[in-house]
Amino acid sequence: MQLNFSTVSEPTLAGPKWKGLFDTFWPGYRTWFLSKNAVNQPDLKTSQDALKKYMPKMWPTYEHLCILSNADSVIARFLTGFQPPAYISACAQAVIKADEFQLVRNYDYHPDLLEGTILLSKWNDNRVMGTSDCLIGIVDGMNDAGLCVSLTFGGRKEVGYGFGIPFILRYVLEFCTNTAEAVKELKRIPSHMSYNVTVVDKTGASKTIMLAPDKAPLVTNDAFATNHQGEIDWPENAQFNQTKKRYNFIKNYLKSKNISANELAKAFLYSPLYNTKFEEGFGTLYTSVYQPANLIMKVLWPTIKIERSFDNFAEEHILIHYNSSGQPVIPVNILETVAVEGDGYHWQDAVVDSLVKGMAGRKTKQKQQELRDRLMPGGEIAWEVIVDYWNEPVEN
C-alpha cells in the first residue's frame, strides 16, 4: 500500500493551484456526493440559504470558488458544505500544556478516501494551513493567529440538519483568532453528524466541544477526545475502534508527571493510539502536531516527519509506502527523518520514567523498578502492558 501526500502553498485567494486540486479530486467527490448514502440532500437554494444564514462571511469565497470551478448545480451544492452524505472516521486528539502548548492528533480513516493535501491558503482574514478535506474543508489545522482545531468522530449514528464538520472548521480558522471566538462559532453553526472538536490558541486556552445534530453543543474543559461523547451510544462502533481504551490511555498519560510535548507526540505513533486496520477504515494515515506559539505544523509517521510554518512552507509531493504490517517505510523522496538517538538516555526512557512517577510514585524504589521493568522490557516500551494497566477508567 502507498499513500500520496502533497504540500501546496497558495497564500492568496484561491487560484490555479486550488483549481488543480479541484480537477484532481472532484470526480471522486462527485461519486460520493451523489451516492446512496446521500439521504435528505437539500436543493441548491436551500443549501445556499443555509450557508448565508450560518456562515455569511464565507459567501464571497463560496462565489469565487464556484466561478473558479465552473460550478454546475451539483458542484455549487457540494461547495456549500450543507448536509453532505454521512462519513465516519475515528481519530484521537490531545492538547498538552507542558514545555510548550501543543495539539496532537491521529487521523484514522480509510486510505482510499484520503485527499492527502496539506494546504496553505489565505482566502479571508487569516492565513490557514492544515489538512484539506472536501476541497474546501479542514480536518485539522491552524491559522496565523495561533488558533488550532482538530476533530474526532463522536460515535453516534444520527444524521440531521447541518454542515459537514470540515466546512465548519474551515470557517472557524478563516475568521476566529482565539478559543473563545471559536467556541462561539462552533456552538452556533449546526453539524450534521456528531463530532468532538478540540481547540487551543497561542495562550494555551483550550476546550473540547461535543457537537451533535440532535443535541445542544456541550463545551467541556477536556484537553482530549476519542470517538464517543460521554456514554457509549453506538457499542459496535466503540468496540471496533476501541474508543474507551484509547480515551483511558490518553487520560492517564496526560496525568503522568513531566510529560513533554515531544513525548506526547511520539506516544501517538504507537499502539493503542496508532492503528493499522487500513482495509477496514481504521488505520492511522498520519499524525499531525500543531504548536500555536511557534506557528509550526508537523506531520509525522513512525519513521518520518515533515515540518511547515507560515513563513517556510515548501511544496513537496510525498509518496509513503507501507509494509505488510501497515507500518510506513522510508518514502521514495527521502525527507527529514525522526532523529534516532544513540546509546544512553533517550525518549523512551523519559516516557517510562514519567509513567512510573505517575503510576507508582509513592511506592518503594523496588516497586518502581519492578513497574519500570514491566513497562520497558529489553529497552523497548511495552505499550500493551500500559494499555492493560489503564484499561479501566480512573477516578477523577
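Taken together, the values in this text are just the output of simple stated rules run on the coordinates, not laboratory data. Please read these numbers as outputs of a predicted model, since none were measured by experiment. Cβ sites come from the backbone with ideal geometry, for glycine too, and all protein chains shown count toward neighbours.
Less than 5 angstrom separates the built amide H of residue 92 from those of 106, 108, all sequence-distant by 5 or more or on a different chain.
Classify region 63-143 as rounded, prolate or oblate, taking a ≥ b ≥ c as the square roots of the eigenvalues of its Cα gyration tensor: rounded when a/c is under 1.5, otherwise prolate if a/b is larger than b/c and oblate if not. Here region 63-143 falls in the oblate category.
Given in Å, the Rg to one decimal and the Dmax to the nearest whole number for the Cα atoms of region 1-60 are 15.4, 43.
In plain terms, the chain from residue 72 to residue 258 could stretch by 61.5 nm, reckoned as 0.36 nm per residue minus the Cα-Cα distance. Pairs exceeding 30 Å between alpha-carbon atoms, taken from 45/215; 244/266; 53/277: 53/277.
Across region 3-157, counting alpha-carbon atoms alone, Rg and Dmax equal 16.0, 50 Å. Along region 206-222 the Karplus relation, 6.51 cos²θ - 1.76 cosθ + 1.60 evaluated at θ = phi - 60°, assigns HN-Hα couplings of 9, 8, 10, 10, 8, 9, 7, x, 10, 9, 5, x, 10, 9, 10, 8, 4 Hz to successive residues, with x for each Gly and Pro.
For trypsin sites (Lys or Arg not before Pro), the sites in region 12-64 that DSSP calls loop and that have at most 10 other Cβ atoms within 10 Å are 36.
Report note on the peptides 174-182, 96-104: ranked by the mean count of other C-beta atoms within 10 Å, highest first, their order is 96-104, 174-182.
Here the 3J(HN,Hα) profile of region 178-185, calculated from phi with Karplus coefficients 6.51, -1.76 and 1.60 at θ = phi - 60°, is 8, 5, 4, 5, 5, 4, 4, 5 Hz, Gly and Pro shown as x. Which FRET efficiency, nearest 0.05, do residue 317 and residue 373 yield, Cβ-Cβ r, R0 51 Å? The pair residue 317/residue 373 has a calculated efficiency of 0.70. Subtracting the Cα-Cα distance of residue 43 and residue 100 from their residue separation scaled by 0.36 nm leaves 15.9 nm. Straight-distance candidates among the lysines for linking to residue 255, with alpha-carbon spacing under 16 Å and chain neighbours fewer than 8 residues away dropped: 97, 245, 357. Projected label points at residue 220 and residue 32, each 7 Å from Cα along the beta carbon direction, are separated by 2.7 nanometres.
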